[in-house]
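Notes for the one structure printed next.
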Amino acid sequence: MLIGINWTSPQTLPIIQQLLHDNVADFCEISVDNFIHLKPDVLRAALSDVPISLHILGSRFLEKSSCQLKKMAASLRIFIDALKPIYVSDHLVKFTDAHSQLTFLAELNYEKDFSHVLSRVSEWQERLGQTIFFENYASTSSHGSQTKFFASMMRETKAGLLFDISNAYIAEINGACRFANWLPQIKQTQHFHVAGCRFFADTATAIDTHDVAVMDDVHALLATTFSEIDASNTQTLVIELDANIDYEFWKHEILTIKKILSTPKQYRAKPSKLLTLPSASHAEIEFESLWHTLFDFSPTSLNLFSQHKSEESVKSFLAWAHQNKLSMNWALHAHLLDWFCTQEKFKAHIDEKIKKELLSAAVTRWSSSGMDHFHAQGILLTSKHFPERAVGLWKSAAAEQAGKIVVLKISNQKIPPDDRYAISTEQGNWSGIQWELLPK
């Protein structure tokens, strides 16, 4: 079995390279959305000759037009042809519902969406020219039988399953799907994920977070899974870490899992302590999702919220976001700034530091949404609350360079009358940019 690590940001490249150099990990799964503005040979050079897989985060292939899929596939096939990945994987999630943006990624309705999804999966595989492995969803409530859906999809489209053991664990304790129901599909796949997750007592919900150690119960399920399927040299397992990334911590996680895989029966003998929790409401899950989306990128704003009954204030913002049909896309923090400046209890406290932090959070989130702007190198963002200036970000110019945030002074004649953004496709060059309205 090949043990892999996921590469999500240029900032983590030194740790990725060290884990590969020290033979702690065998291959690297690239979150291709975050690097699609670079040339494939840049990524190849950064990772030497280790095997590579490509993981797509935000294709939205279920909701884009055939014309959009054609353009997106053309960009991705350049990477596929050049890097020759072990596998290509994607997600089956909803970004919109009835053409309205959702405030967080939602699970499919496995019965209602079945025909449409199968049609799109077939088209997406055909355009990419290969089998795609789709990751199972970390269900927070039941949306029909996910296992039956995957069985039918795999049979009818020849698509694959990227089985995330942690996601299946989360789905079980959230009362949505028994882990054991996955065994027939598990036996048909070679590719796996595992990661840390968190429990939130207030909402009685477990959520996939990729920022903590893998739980003992998940270790037990990992042992169970691999003691019941035939071992193969073509199997892969990625130990994911998206935040709190540290060399020694990640190494310890990998070595622990390697030990489990070498002696699975020893760990399987330990009874799992799975506890099915009462299902959280849609509103509770949405609130939890919003909380972390907002404050992971804007800690100063969290301090401001904390001074004014933070939970009540976040729910007030969420209600405003619903009223204005806002989604959780990259512009969310710019919309939060607009909301702050309309609230009596907050607007007097919104200083330059908070304005810059919120606009910086927006462009930072934009930098990882590469599937919407394939060739973009930079973005400028203006706000009516931040006059005569724009916050900009240049994506990494090389695999090992972090994106650079800048604040520019703009002459009054060039400032848009409202909140806008502009994209540059050439590093260091803002000439000829076109201003667009912020997406909702």
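Would you check if there is a residue in the stretch 385-395 being in contact with an Asp or Glu (Cβ under 9 Å, 6 or more places away or on another chain) and more than 26 Å from F346 (Cα to Cα)? No - not one qualifying residue is present in the stretch 385-395. Residue pairs whose Cβ atoms lie under 7 Å apart, sitting 6 or more positions apart in sequence or on different chains, and linking a residue in the stretch 178-200 that is in contact (Cβ under 8 Å) with a residue 40 or more places away in the chain to a partner that is surrounded by fewer than 16 Cβ atoms within 10 Å (Cβ to Cβ) and in a helix (DSSP H, G or I), do not occur here. Looking at this structure, is L19 at pLDDT 95 or above and crowded, with 18+ Cβ neighbours inside 10 Å? Taking the combined requirement at face value, the residue satisfies it.
Where residues in the stretch 407-440 are modelled with pLDDT under 90 and assigned to a strand (DSSP E or B), which of them is farthest from the chain's Cα centre (by Cα)? The extreme case among them is K409. Look at (1) open to solvent by 20 Å² or more (accessible area, probe 1.4 Å); (2) more than 30 Å from L38 (Cα to Cα); (3) within 21 Å of the chain's Cα centre (by Cα) and you find that K112 fails only one, number (3).
For S313, the stated conditions do not hold, so it cannot be described as crowded, with 18+ Cβ neighbours inside 10 Å, small (G, A, S) and part of a loop (DSSP other than H, G, I, E, B). Pairs meeting the criteria (first residue in the stretch 316-331 and under 16 Å from L358 (Cα atoms) and at pLDDT 85 or above, second residue small (G, A, S) and open to solvent by less than 20 Å² (accessible area, probe 1.4 Å), beta carbons under 8 Å, at least 6 apart or on different chains) are W330/A362; A331/A362. Entry remark, the stretch 416-438: residues being crowded, with 16+ Cβ neighbours inside 10 Å and hydroxyl-bearing (S, T, Y) number 2 in total.
Run down H385, H375, H349 and say which single residue is farther than 30 Å from Q17 by Cα, open to solvent by 50 Å² or more (accessible area, probe 1.4 Å) and part of a loop (DSSP other than H, G, I, E, B).
H349
The helices (runs of 4 or more DSSP H) found wholly in the stretch 208-310 include none carrying at least 2 residues that are modelled with pLDDT of 70 or more, surrounded by 13 or more Cβ atoms within 10 Å (Cβ to Cβ) and in contact with a His (Cβ under 7 Å, 6 or more places away or on another chain). What single numbered condition from (1) touching a helix residue (DSSP H, G or I) at 6+ places or on another chain (Cβ under 7 Å); (2) more than 30 Å from I30 (Cα to Cα); (3) part of a helix (DSSP H, G or I); (4) not aliphatic (A, V, I, L, M) fails to hold for E357? Going through (1) touching a helix residue (DSSP H, G or I) at 6+ places or on another chain (Cβ under 7 Å); (2) more than 30 Å from I30 (Cα to Cα); (3) part of a helix (DSSP H, G or I); (4) not aliphatic (A, V, I, L, M) one by one, E357 breaks only (2).
Conditions tested, residue by residue: (1) open to solvent by 10 Å² or more (accessible area, probe 1.4 Å); (2) out of contact with any strand residue (DSSP E or B) (no Cβ under 9 Å at 6 or more places or on another chain); (3) hydrophobic (A, V, I, L, M, F, W, C); (4) part of a loop (DSSP other than H, G, I, E, B).
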position	(1), (2), (3), (4)
T131	yes, no, no, yes
A138	yes, no, yes, yes
F150	no, no, yes, no
R155	yes, yes, no, no
Y169	no, no, no, no
G175	yes, yes, no, yes
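Here S368 clears all of (1) open to solvent by 50 Å² or more (accessible area, probe 1.4 Å); (2) touching a residue at least 12 places away in the same chain (Cβ under 8 Å); (3) polar (S, T, N, Q); (4) in a helix (DSSP H, G or I) except the condition numbered (4).
Residues that are under 24 Å from S122 (Cβ atoms) number at least 2 in the following strands (runs of 3 or more DSSP E) confined to the stretch 1-102: 52-55, 88-91, 94-97. Counting only residues that are open to solvent by less than 30 Å² (accessible area, probe 1.4 Å) and assigned to a loop (DSSP other than H, G, I, E, B), the stretch 177-207 holds 6 of them. Search the stretch 98-109 for residues being at pLDDT below 65 and open to solvent by 30 Å² or more (accessible area, probe 1.4 Å), and hand back the single one that is farthest from A331 (Cα to Cα). My answer is A98.
The values are calculated or read from the model by the stated rules, or taken from the named source; none is laboratory data. None of the values given here were measured: they were computed from a predicted structure. Cβ sites come from the backbone with ideal geometry, for glycine too, and all protein chains shown count toward neighbours. For accessibility, only protein heavy atoms count, side chains too; no ligands or nucleic acids. Shrake-Rupley method; radii C 1.70, N 1.55, O 1.52, S 1.80 Å.
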